Structure formats: C-alpha cells, structure tokens
Amino acid sequence: MFSLMKESPLSSNSVSPFLQNLVARYSGKFIKLFGKNSNPNRKLKVIFHDFPGGASGFELVLRYCYNNGKYDITPCNLFLAHSAAKFLEMKESVVVGKSPNLLEQTEKSLQEIGYWTWSDLLKALKKCQDFALVAGCSTMMLEKCLESIVGRLVLASEASPCPSSCSSDISGDRCSSESKSTESTKTLFSRSTWWFEDLLFLSPLLVQMLVKSMLWRKLDHVIISRFLMYYQKAKFSSATTDEKRKIIEMVIDMHYSMEPSVLPCKTLFGIFRITLNLNISKFRKNKLENMIGAQLDQATLDNLLVPSPYGIDYLYDVNLVLRFLKAFLRQGNCLVAHSRMKKVASFIDLYIAEIAPDPYLKPSKFLALVLALPDSARDSYDELYHAMDMYLEVHGDLSEEERLKICGALNYEKLSAEACLNLSQNKKFPSKSAVKALFVQQSKLKNLILGTPNNNAAASITISPRSSSDAGRRGTRHRIKEEVMPYTTEFNVSAQDKRFSANLQGMQWRVTELEGMCRKLQAQMAKIMKSRVSGHSYSRSLPKLCS
C-alpha cells in the first residue's frame, strides 16, 4: 500500500497550487478527489492503495507533471509509467491545453515494441515482472512483451533452425543421420539455445505464459522442452522447497501440453524422482504418471523399483506400476504396437519376479499385476510361472482358493514342456493346476504327432495282445519295427527329443498317480454322501476336477 498523507491544515495558497495546478491538470482521479474538498481549512488525507510501483511510481508521475508533460519514456520505465497513468486516470479527456497525455504516450511507445532491441525487451520484461508483483501491472502489458520475445525467437529459429531430426533426448548429444548439415551438433545446439540464460530471471508464472505463447506460435517442442529442463536445473540450486514445487509443477504442466515423445522416459523418471520429495498436487502427479505410462515400453526394471510410500508395508510401490500400466493401455490397442506390448510384458514379468519374495505383498496385488496385461502380450508364461513359484514359496499360508486364483492366471498352452513338468511335480501348486498342465501338454503332443506327414504309420502302431505263439510275437515285433523305422528315419530323433520323451513319460506317470488319488477321493466322498447331505455339492465338483 502506498500512502500520501497531509496532517497540517490545508490552505488554498499551499495545497491547491501543488495538487490542483500541477497534478490535477493531468489526473482525472485527483480532480475527483479535490473537487469535493470545498473547505480549505479541513484536514486532507490522501491514501492510495496498491499504487503501481509504490513511491517510485508516484515519483515518476510527479517528474512528468513538473516537466509540463515532458518525460523520456524508455523500455525500463514504460510499464511503470503506463500502470501509474492508468491508475491516476491520466486520460486525454482531462488534459488542459496542449499538454501531452502520459497514458497516450505510453500506449504509443508500446506499439513500437517490435522495433526494440533484444536487450531492451529483456529490461522491459524484467521491470514489468517486478512491478507486476508490487502493484499489478496489467496482464495485457505482460503478454505484449512476452509475445514480442517469442516473435524474436521464432524469427531466429527460422533464420537458423535447429534440425527437427535431432534427438529429443535432453542432452542433445546426438543428431539423426538424416541431417545434411555439416555443422557440429554443438554449434547447432548453441544456435538454438542462446537465449536460455537470458530468460532465467523469469518467475515460474511468466515462464508458463512464455511457453504457452511459444506453443501457440508452433516453436519446436524439443527446444521448448530443453529450455524448461535448463530452467528447472538452474533454479533448483538456490530455490526454497515451495519454489521448487512451483517450478516442477510448471514443468509438468507445460510438457503435458506438448508431443508425448518430446521427453524420453529416462528424463520423465528423473522428474518423478524429484517429485517424491516435493508435495506436488495430485493433479500434477496424475499428469506425470500418464506421460510415463505412454512411454512405458522405454522403461527399465530399475525405473519401476520405486519404494512404497510411508504407511504401506509393501517393499515396492505396486500401485504406482499398476497406474503406469493403466496409462499405457489407455492409448488403445490400435495405438500400442504388438512389439511394444511384448516389451512391456517382458520387464513386467521380471518386476513381478522381483517383488514376489516380499512377504507383505497381498495376493490381490500380485494377481492384479499378473492380469494387468492381456494374454496376447506374452508368447511364453515361463517367467510368470517361476514368479508364482517364488510367491507361493514365501506365502505358504495361502488358502487353496487363493492358490487356485493365482494359478488360474497362467496360460498353460504357453508353458514350455519343462515348465509343465516342473509344475506337475511342484507341491506348492494345487493338484488341479498340475493335472491341467499335464493334460494340455499331452494334447499338444497328440496334435503334433497327428499333424506329421507319417500320421498313418504312427496311427497304425498298436500293441497286440499277449499270444502263446512265439512266431506271432516275432511277427508283431517285426511289423512294428518296419512301420516305425520310416518315421524315425525321416525325423532323425535328436537328444533333445529323447529328453522330451523322457519328460513326457514322467508326466504320464504323474497323471496316472493323480488319477488314482482322485478315484480314492471319489470313493471316500461317495460314502460321505450317504450320511451327510451337506457334502453333496462338494462331492459333485470333485469328478469335474479329475475329468
């Protein structure tokens, strides 16, 4: 607040000449104030609230009035003079005689801003920012100056453009091979970023206004992004916690308005790590997570291993990864290439294996991660099976229902023969899962045999009943040998096939063993059915298990 006060009695000889004859000739507000003062002996107190520029602004007006409306308007005082003239209503309608009008002069100078030098523009913008904080320099004045700054940058980029083929990486160390320029990357980078240092004095609010103008003028998004990251790094060294929060929120907001790929995933995770120590708004967190999720296929396992926030028992922040996956899938299947989906599934399986030994990880969270991606994203479920194996090993107290839910997320058709064999012998998995894995592999083998060129020969191989005639047995063996030999000769069974055959035999023994156990359970439950009606529904479900 700026105050102008007179405590002594005001006489027409002392006050009127000073105020009415000097200031009131140019100020409509002073004419309104002193026009009501009909009693010259009355005490007069004039208080101006939020006068533009405070005492400096009022001093500028007084100098203007003392010089009979002659004052040198420069880029350094233009915005202060314009704000003060507007506040005091120094309009053309109240000008006496041919005295120039301050408001008119400032507006005329403002129209010539396009002819100012770069240095004058910076001085004017700095003064405008300073006075805006004190006394509310009009937004129009700020926008006018910022637009002129952006106009110069657009002209400079057109005269010496930075190739769009340059990498979007913030380091700017490498340009695309398509660039035909013979200049070095360092020279190109310096030509496009020469103004970064000049604009570091801007507040986050003015940087936001500047960037919006740049985006509207279609300045290269890569250059804008580099400036924002340069600004953030330079300002953070001396900023307070609250200032850092405002800066990083502005950086997030502005990048969210640009092309999704303008910042690499590595840099986005760098910004994310900074926000962990700053209390940024939830709205900005969601924006940042969406930007990361859109490029999740560029992430690494280390990027995802973020510690859980305070108050959560999980070792790692599983909910964060689930939000990343949701943002990645939100792009739609038409926008997510199959190769990108497979890449994400690959390191998500590694992530699941990494967090599986966490004893505090609930089954619901583990299962949510497993089911987050569609089945088409995985060509093999072996890694996921090993992760489940570790999880069931650590969480031995899970109920049978919880184990079945977890194992139900496996696609047994996409398990290798070795994984199926291991599962069938793994006591941590429910018996239903083991039987299903064996049946799936047996079905796959049957389809493989029936689909071979010699399927007729294979189908004709039968084991004849036991005969008392040695000649019959020899004939049967001879016939089988003749029919099998062409098949084995053509396919040349390798050592790997032999191992597969041995594994299959073991799987078949396991199936037989499990079927026997099922029959015993059926018999026991049949007895229970006769005496306990309550066991009826459970006993009916058991044959389905073994069917």
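The values are calculated or read from the model by the stated rules, or taken from the named source; none is laboratory data. Fair warning: this is a prediction, and the values are worked out from it, not measured in the lab. Using ideal geometry, Cβ is built from the backbone for each residue, glycine included, and neighbour counts are taken over all protein chains shown. Please note that ligands, DNA and RNA were not included when accessible areas were found on the heavy atoms of the full protein model with its side chains. Shrake-Rupley method; radii C 1.70, N 1.55, O 1.52, S 1.80 Å.
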Legend entry - Selected residue [closer than 20 Å to LEU202 by Cβ, in a helix (DSSP H, G or I) and charged (D, E, K, R)] from LYS326, LYS233: LYS233
Inset, instruction - With the checklist (1) surrounded by 18 or more Cβ atoms within 10 Å (Cβ to Cβ); (2) touching a helix residue (DSSP H, G or I) at 6+ places or on another chain (Cβ under 7 Å) in hand, flag the one item ALA409 doesn't pass. - result: (1)
Inset, instruction - May I ask you to say which residue of TYR360, TYR381, TYR310, TYR391 is of a type outside the set (A, V, I, L, M, F, W, C) and in contact (Cβ under 8 Å) with a residue 40 or more places away in the chain? - result: TYR360
Legend entry - Tally of residues being assigned to a helix (DSSP H, G or I), farther than 16 Å from ALA327 by Cα and open to solvent by 10 Å² or more (accessible area, probe 1.4 Å) across region 256-274: 5
Legend entry - Verdict on ILE247 being crowded, with 19+ Cβ neighbours inside 10 Å, among the aliphatic types (A, V, I, L, M) and under 23 Å from TYR310 (Cα atoms): no
Legend entry - Failed condition for GLY53, given (1) assigned to a loop (DSSP other than H, G, I, E, B); (2) open to solvent by less than 30 Å² (accessible area, probe 1.4 Å); (3) modelled with pLDDT of 80 or more: (3)
Legend entry - Filter result (exposed (fewer than 15 other Cβ atoms within 10 Å of the Cβ) and not hydrophobic (A, V, I, L, M, F, W, C)) within region 275-296: ASN277, ASN279, SER281, LYS282, ASN286
Inset, instruction - Residue by residue through region 363-404, note down the ones that are under 21 Å from GLN441 (Cα atoms), assigned to a helix (DSSP H, G or I) and of a type outside the set (A, V, I, L, M, F, W, C). - result: ASP375, SER376, ASP382, GLU383, TYR385, HIS386, ASP389
